[in-house]
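Bear in mind these aren't lab numbers, they're just calculated from the coordinates by the rules spelled out. As the structure is a prediction and not an experimental result, all values here were calculated from the model. A quick note on method: Cβ atoms are made from the backbone with ideal geometry, for glycine too, and the neighbour counts reach across all protein chains shown.
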Amino acid sequence: MIAQRRPDEVDKIAESARIVAGALRLVKREAKEGVTTKELDTKVEAFIRSEGATPSFKGYRGFPASTCISVNDVVVHGIPSEQTLRGGDVVSIDVGAYKDGYHGDGAWTFPVGEICDEATRLLEVTREALHQGIDRARPGSRLGQISNAIQRHVESNGFSVVRMLVGHGIGTELHEEPQVPNFGSAQQGPTLAPGMVLAIEPMVNMGGYEVYTQKDGWTVVTQDSSLSAHFEHTVVITENGPRILTTPGPGDTP
């Protein structure tokens, strides 16, 4: 059962998503050479709580931190630690906020200092793929149209889409129906309708799509040690098309 949210529910999700966008803007300022991922996590948690919300991820299924911070070949679910960011790194930050009974969720991949041209292209293509998918989030479309648009854009640019992990519905629970794959046929999946809220999140590898989970039970890394990027927006489907709830404004950058 895919929830179709009332306008007042969408407003509450939008408030949580606004906080997520603010947290990502904070990370954009703070993710510099010499900063530890734990320091970033601490600052994001303080910001979320200052907005009257709680971190969606902290304690979720036992996750020990407020954010997932994934560096270089870590795809998702990196646990913040004393790891120090270095120039040339790419760092993905996944943030969730919970306020007044509703969640928002978003992710962005940032360069640390100067990064190589191919890494820059990986980030650009992944962000573009996110928007290719969002553009298909319209009433009457099949969910597979989102998935297929993401896959086609990524693969036409020589990168690969992670298959083990998917996007999801979001609302009163952090993860709700439906699952939102980043690959597949445009003819698959349920028909979309106004009021559905989706967390669309392509995870894209520079090399092959194969990944594995490390012994901590959380950290997912690329099988071939290639770089990975992750971008995510919380999106509500409206009669007039998709509305991005985690964007801070024109330009769509944190």
> Hey, quick one: spin label on R163, modelled 7 Å out along Cα-Cβ, who in the stretch 123-152 has an amide N within reach, i.e. under 19 Å?
Replying inline: 144-152
> Excluding H77 itself, what net charge comes from residues whose Cβ is under 14 Å from its Cβ, given Lys and Arg +1 and Asp and Glu -1?
Replying inline: -4
>> Can you compute log10 of I(q)/I(0) for the stretch 49-199 with the Debye formula, treating each Cα as one identical point scatterer, at q = 0.09, 0.14 Å⁻¹?
In response: -0.32, -0.78
> Just how large is the dipole of the chain about the Cα centre, in debye to the nearest 20, putting +1 at every Lys and Arg Cβ and -1 at every Asp and Glu Cβ?
Replying inline: 360
>> If amide hydrogens are placed 1.01 Å from N in the peptide plane, which non-local residues have theirs closer than 5 Å to the one on Q83?
In response: T37, K38
>> Using Stokes-Einstein with the Kirkwood hydrodynamic radius over Cα pairs, what translational diffusion coefficient do you get for the chain at 4 °C and a viscosity of 1.567 mPa s, in µm²/s rounded to a whole number?
In response: 73
> Given H placed 1.01 Å from N in the peptide plane, which residues other than close sequence neighbours of E210 have an amide H under 5 Å from its amide H?
Replying inline: Q223
>> Give me the percent relative contact order of the stretch 122-254, please, defined on Cα pairs under 8 angstrom at least 6 residues apart.
In response: 27
> Can you sort M1, M164 so the residue with the fewest Cβ neighbours within 10 Å comes first?
Replying inline: M1, M164
>> Using the Cα centre of the chain as origin and beta-carbon charges of +1 (Lys, Arg) and -1 (Asp, Glu), tell me which of G106, L174, S225 is placed farthest towards the positive end of the dipole.
In response: L174
> Once the Cβ-Cβ distance between Q179 and T120 is put in as r, and R0 is 30 Å, what FRET efficiency do you end up with, to the nearest 0.05?
Replying inline: 0.50
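Could you please rank C116, C68, placing first whichever residue has the fewest other Cβ atoms within 10 Å of its Cβ?
Ordered from fewest to most neighbouring Cβ atoms within 10 Å, C116, C68 come out as C116, C68.
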> Of I115, P242, A21, which is farthest on the positive side of the dipole of the stretch 7-244, counting Cα position, with +1 on Lys and Arg Cβ, -1 on Asp and Glu Cβ, and the Cα centre as origin?
Replying inline: P242
> For the chain, what's the relative contact order in percent, using C-alpha pairs closer than 8 Å and at least 6 residues apart?
Replying inline: 23
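With a ≥ b ≥ c taken as the square roots of the eigenvalues of the C-alpha gyration tensor of the stretch 6-55, please select rounded if a/c is under 1.5 and otherwise prolate if a/b is larger than b/c or oblate if it is not?
Because a/c hits 1.5 or more and a/b exceeds b/c, the stretch 6-55 counts as prolate.
Too long at a 27 Å Cα-Cα cut-off: which of K32/K99; K58/K215; K12/K32; K32/K58; K43/K99?
The answer is K32/K99; K12/K32.
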>> Can you give me the distance in nm between label points at A193 and Q223, each placed 7 Å from the Cα along the Cα-to-Cβ direction?
In response: 3.9
